[in-house]
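This report concerns only the one structure given below.
Every number here is computed from the coordinates shown, using simple stated rules; none is lab data. Note that this is a predicted model, so its numbers are computed, not measured. Note: ideal-geometry Cβ built from the backbone for every residue, glycine included; neighbour counts use all protein chains shown.
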Amino acid sequence: MAKVLVVEDDKDLNTAYTLILEHDGHQVTPTYNGQEALKAIKTSDPDLILLDLLMPVMGGLEFLQNYELKKKHPNVKVLIFTNMENSPEVNEAYKLGAHRCIIKSWTAPQNLSRVIKDALNESQPEQPEGLA
Amino acid sequence: MATNQHDTKMRSASEERAQANALFNSIGDGIIATDEFGKITRVNPAALHMLGYREKDLLGKWFPSAIVVLGEQGEPIGLIDRPITRAFLLGMPISERNYFLRKDGSKLPVSVTVSPIIHKGRPTGAVEVFRDVSAELEIDRMKSEFISLASHQLRTPLSAVKTYTHMLLDGYMGETTPEQRRTLSTIVSATNRMNELISTLLNITRIESGNIAVTPKLVNIAKLCDEVLREHAHAARDKGIKVAFKSTGATSTRTDALIAKEIISNLISNAIKYTPEEGTIGVRVGKHGKRLIICVEDSGIGIPDEAREKIFTKFFRAANVVKRETTGTGLGLYLVKGLAEQLGGDIWFESEENKGSSFYFALPV
């Protein structure tokens, strides 16, 4: 299956996402902030990044702005996982190349599996978006 | 004797003028008076202080060119839309919030009231009274920031509760008994209610502070409706409600998927909530002219005639709803209308009490 980098500072959620994705057969690298995630992408080549926005040390937006990410992984798909819907931060994340934004508190595990599957299968950067 | 009386009257008139001047100069709000042609005739010290001008910079100048007025987004307000013009044209006071451009080029947020000066039945000038509202705006901003942060912090543990409960429910941790699943479903439903409440509060705060972000992307609205219906299928099934969905033609448009989903979700959730057991709900999506219309109709309790006018107002709950449900906030439809407006869309309804309601949500294509 796919290589997924999870970037989420809440330990409970990070563990839950890792369990769900591993259950679906993905290879998961859990990290807890943008800085840890930048270290991780130096040695791994993820197909997809599941990224929280509000995190200590380095937040999601700062991570997206990073040169290393753009240079070394220009085609990696980034799914924003946040509870800050309709916020300027989400707008900014889209501008910085995020593929889709998902609201954590609305998302059940089966939906998460489907969103990941859809994102991995979608090749166009902007497709009709039925699921948010 | 006559000279003495004349002197007393003169002294009294001059003292009254001096007192009126002292009063005018001591008022803490800014005051600018103009003649009937819009030329500035008087400015009080508070106005000069707030705007950074000296009296000679303004006296005798045409008010609309001497003081630039800006709207919420910093756009200059044209002559015809300025409160002073409207006060003259309508012959009545006009109050609003906007920005004045100070002499140094900075923006001053003000709450302003312009009143025409009516003398012998016709306007002979206008008086503009304004107040610096920077502190209020800063408090509003801090309030929004606090609610936004508090909502985020509240939702993070809630997300964990919901995710782990779903993991148990969906068999990620092994088989569960029907009774355990019923209990877990109750936890999910309670977290959903809490989520809805936080989300509603957060969005209302964002709309009211003009801080909501709209990210238009190409969205397939029929797919979005189908997704929302699947999310609410359990609640509909519990009440034995039959749900029908129909979409006609192309249903994609550029809009914000999250906001559109929230609106549709609210309408469908209301339909389920206010439709009695074994009732029916229909959702239709189709293009009508330059609009895509989503219709959510139900065979529910309907909206009483006396509630029609108020249905989209904040905290309003119709009498027939209050009798049945005690948990609602009266914020759902207020939010839905506000969100629809953010998308350049519209929302309206048709309803008959005890027969049902149809809510229409139109989006520009």
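Hand me the tally of lysine pairs in the stretch B:204-300: alpha carbons under 26 angstrom apart, and the pair either on different chains or 8 or more positions apart.
For the stretch B:204-300, qualifying lysine pairs total 23.
Compute the projected area of the convex hull of the Cα atoms of chain B, averaged over all viewing directions, and report it in nm² to one decimal place.
Working: hull surface 109.8 nm².
With the hull built on Cα positions only, its mean projection is 27.5 nm².
Hand me the chymotrypsin sites (Phe, Trp or Tyr not before Pro) from the stretch B:283-317 located in a DSSP loop with no more than 13 other Cβ atoms within 10 Å, in residue order please.
Filter output for the stretch B:283-317: B:F315.
Starting from the exponent 0.38 and prefactor 2.2 Å, build the expected Rg for the stretch B:186-277 from its residue count and divide its actual Cα Rg by it.
Ratio of Cα Rg to 2.2 N^0.38 Å: 1.20.
Can you check how the C-alpha radius of gyration of the stretch B:62-160 compares to 2.2 N^0.38 Å, as a plain ratio?
With N residues counted in the stretch B:62-160, Rg over 2.2 N^0.38 Å equals 1.52.
Lysine pairs in the stretch B:1-151 with alpha-carbon atoms under 29 Å apart, 8 or more places apart or on different chains: how many are there?
Lysine pairs satisfying the spacing and distance rule in the stretch B:1-151 number 12.
In degrees between 0 and 90, to the nearest 10, how far off the longest principal axis of chain B does helix B:332-342 point, with axes built from Cα atoms?
Approximately 70 degrees, to the nearest ten.
Quick one: 3J(HN,Hα) in Hz for the stretch B:250-255, Karplus 6.51/-1.76/1.60 with θ = phi - 60°, rounded, Gly and Pro as x.
For the stretch B:250-255, the Karplus curve yields 6, 10, 9, 8, 7, 7 Hz.
Are there trypsin sites (Lys or Arg not before Pro) in the stretch B:140-246 that DSSP marks as loop and that have at most 16 other Cβ atoms within 10 Å, and which are they?
Here the sparse-neighbourhood loop sites are B:K239.
How far, in degrees from 0 to 90, does helix B:134-169 lean away from the longest principal axis of the Cα atoms of chain B, to the nearest 10?
Long axis of B:134-169 versus the principal axis of chain B: about 0 degrees.
Using all Cα-Cα distances in the stretch B:1-130, what percent lands in each 10 angstrom bin from 0 up to the longest?
All Cα pairs considered, the percentages come to 12, 39, 29, 12, 6, 2, 0.
Can you spot the lysines whose alpha carbon is less than 19 Å from A:K3's alpha carbon? Ignore those fewer than 8 places along the same chain.
The reachable lysines, counting only those whose Cα sits under 19 Å from A:K3, are A:K39, A:K42, A:K70, A:K71, A:K72, A:K77, A:K117.
What do you get for Rg/Rh over the stretch B:17-77 if you use C-alpha atoms and the Kirkwood form of Rh? Intermediate results must be reported in sequence, preceding the final value.
Values: Rg = 12.6 Å, Rh = 12.5 Å.
Over the Cα atoms of the stretch B:17-77, Rg/Rh equals 1.01.
Return one number: the angle in degrees, 0 to 90 and rounded to the nearest 10, between the long axis of the Cα atoms of helix B:257-273 and the longest principal axis of the Cα atoms of chain B.
The two axes meet at around 70 degrees.
Once the cut-off is 16 Å, how many percent of the Cα-Cα pairs in the stretch B:257-357 end up in the long-distance tail?
Values: 2928 of 5050 pairs.
It works out to 58 percent of all Cα pairs.
Can you give the three extents of the C-alpha atoms in the stretch B:122-185 along their principal axes, from longest to shortest, in whole Å?
On the principal axes, the stretch B:122-185 reaches 83, 27, 14 Å in Cα extent.
Whole-Hz Karplus ³J(HN,Hα) for the stretch B:42-51, in order, using 6.51 cos²θ - 1.76 cosθ + 1.60 and θ = phi - 60°, x for Gly and Pro?
Values, residue by residue: 8, 9, 8, x, 4, 4, 4, 5, 5, 8 Hz.
Could you pull out the longest piece of chain B with no exposed loop GluC sites (Glu not before Pro) in it, calling a site exposed if DSSP puts it outside H, G, I, E, B and it has at most 16 other Cβ atoms within 10 Å?
Counting at most 16 other Cβ atoms within 10 Å as exposed, the longest clean stretch of chain B is B:73-174.
Considering all alpha-carbon pairs of the stretch B:164-223, what whole percent are spaced by more than 17 angstrom?
Summing the P(r) of the stretch B:164-223 above 17 Å gives 62 percent of all pairs.
Averaging the inverse of every distinct alpha carbon separation and then flipping it gives the Kirkwood radius. What is it for the protein assembly as shown, in angstrom units? Kindly include the intermediate steps, with their values, before the conclusion.
Numbers: mean 1/r = 0.0374 Å⁻¹.
For the protein assembly as shown, inverting the mean 1/r across all distinct Cα pairs yields 26.7 Å.
At a Förster radius of 35 Å, what calculated FRET efficiency corresponds to the Cβ-Cβ distance of B:T8 and B:R131, to the nearest 0.05?
0.35
For the stretch A:43-54, take each phi angle, set θ = phi - 60°, evaluate the Karplus expression 6.51 cos²θ - 1.76 cosθ + 1.60, and give the result in whole Hz per residue in order, putting x for glycine and proline.
Result, ordered by residue: 10, 10, 10, x, 7, 8, 10, 9, 10, 7, 9, 8 Hz.
Report the far tail of the P(r) of chain A, meaning the percent of Cα-Cα pairs longer than 18 Å.
Value for chain A: 48 percent of Cα pairs lie more than 18 Å apart.
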